[in-house]
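The structure appears below as structure tokens.
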Amino acid sequence: MVDYVIAPPPVASVPVHGGGRFPVRRIFCVGRNYAEHAREMGADPDRELPFFFMKPSDSLVTANADMPYPTETKSLHHEMELVVAIGTGGADIAEADALKHVWGYAAGLDMTRRDLQNEAKKAGRPWDMGKGFDHSAPIGMIVPASHFPDPTRGKLELRVNGAVRQVSDLSKLIWSVAETIAYLSKLVRLAPGDLIFTGTPEGVAAVVRGDVLEGVVEGVGTVKTVIV
């Protein structure tokens, strides 16, 4: 028995479709992985390799729970995404083998304090406080990979108060799920329990208290939260 000097933190986890929970180790997020969103953010989608930032595992918001409006921002933006749940770890994973490492998929939201992120960009500083804050990762139930065997296509949509804000298709990912896993595994050894938010399409915009966010990834599931 380990003699901890303080009580260990609880394990972050996400409900699984059909029962059980998926324990979460780390959350990786891909930046600018849809061409139109890259252009929307002032970047050239044809000239860069994938890049990643992270969120803490305890930033997850599950079971359609409310999301508190975060402190120190006046510009909270939504980013609707497909989330990949890694079940088998590894380093230098071949693209052809990458999907074998996936346990399942979910619909998720990468919520962003855009003003803090933009200030950090201008100063050449890390984005952490713009991306990795408390409650910044609402996520739906994880479905096993067998329920969604082809993550190269499928409609992705986000509605805010019933109005469509974002709509695209997974076929428009600059870097596919398999390519993303393979590339990330060259940078870090992936491990069971890792989540990868795969990027958002165009249409990101601000939300305010009282807004109802409802997202869906065709063939995967939904994510819902209310900003409070």
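Among the residues examined, TRP127 qualifies as at pLDDT below 95, within 26 Å of ALA12 (Cα to Cα) and crowded, with 16+ Cβ neighbours inside 10 Å.
Checking GLY210, GLY219, GLY199, GLY193 one by one, the residue that is at pLDDT 95 or above, of a type in the set (Gly, Ala, Ser) and either more than 16 Å from TYR105 (Cβ to Cβ) or not in a loop (DSSP other than H, G, I, E, B) (or both) is GLY210 and no other. Residue pairs whose Cβ atoms lie under 8 Å apart, sitting 6 or more positions apart in sequence or on different chains, and linking a residue in segment 195-215 that is of a type in the set (Lys, Arg) to a partner that is part of a strand (DSSP E or B), are ARG209/ILE227.
Could you say whether any residue in segment 126-143 is among the aromatic types (Phe, Trp, Tyr) and in contact with a Gly (Cβ under 8 Å, 6 or more places away or on another chain)? No, segment 126-143 contains no residue that is among the aromatic types (Phe, Trp, Tyr) and in contact with a Gly (Cβ under 8 Å, 6 or more places away or on another chain). Filtering segment 139-197 to residues that are open to solvent by 60 Å² or more (accessible area, probe 1.4 Å) and under 21 Å from PRO15 (Cα atoms) leaves MET141, SER146, HIS147, PRO149, PRO192.
Residue count for segment 99-138, restricted to those that are farther than 21 Å from VAL16 by Cα and of a type outside the set (Val, Ile, Thr): 23. Selection over segment 84-99 of residues that are in contact with a Ser or Thr (Cβ under 7 Å, 6 or more places away or on another chain) and either among the basic types (Lys, Arg) or under 23 Å from LEU156 (Cα atoms) (or both) gives a count of 1. Of all residues in segment 135-152, those that are in contact (Cβ under 8 Å) with a residue 12 or more places away in the chain and closer than 29 Å to ILE227 by Cβ have Cβ atoms under 8 Å from Cβ atoms of residues that are open to solvent by 70 Å² or more (accessible area, probe 1.4 Å) and not in a loop (DSSP other than H, G, I, E, B), 6 or more apart or on another chain, in PRO138/LYS224; GLY140/THR222; GLY140/LYS224; ILE142/TRP103.
Scanning segment 64-83 for residues that are closer than 23 Å to ILE142 by Cα and in a loop (DSSP other than H, G, I, E, B) yields ASN64, ALA65, ASP66, PRO68, HIS78, GLU79. Identify the residue in segment 104-121 that is surrounded by fewer than 18 Cβ atoms within 10 Å (Cβ to Cβ) and at pLDDT 95 or above and, among all such residues, is nearest to THR225 (Cα to Cα). Ranking the candidates gives ASP115 first. If a residue must be of a type in the set (Val, Ile, Thr), under 22 Å from VAL208 (Cβ atoms) and open to solvent by less than 20 Å² (accessible area, probe 1.4 Å), how many such residues does segment 61-90 contain? Qualifying residue count for the region: 2.
Assessment of segment 91-98 against the conditions (closer than 23 Å to ALA145 by Cα, open to solvent by less than 30 Å² (accessible area, probe 1.4 Å) and of a type in the set (A, V, I, L, M, F, W, C)) yields at least one matching residue.
Checking each residue in segment 6-54 for being modelled with pLDDT of 95 or more and of a type in the set (D, E, K, R) picks out ARG21, ARG25, ARG26.
The values are calculated or read from the model by the stated rules, or taken from the named source; none is laboratory data. Because the structure is predicted, anything quoted here is derived from the model rather than measured. Cβ: placed from backbone, ideal geometry, glycine included. Neighbour counts: every protein chain shown. Remember, those area values only see protein heavy atoms, side chains included, never the ligands or the DNA or RNA. Shrake-Rupley method; radii C 1.70, N 1.55, O 1.52, S 1.80 Å.
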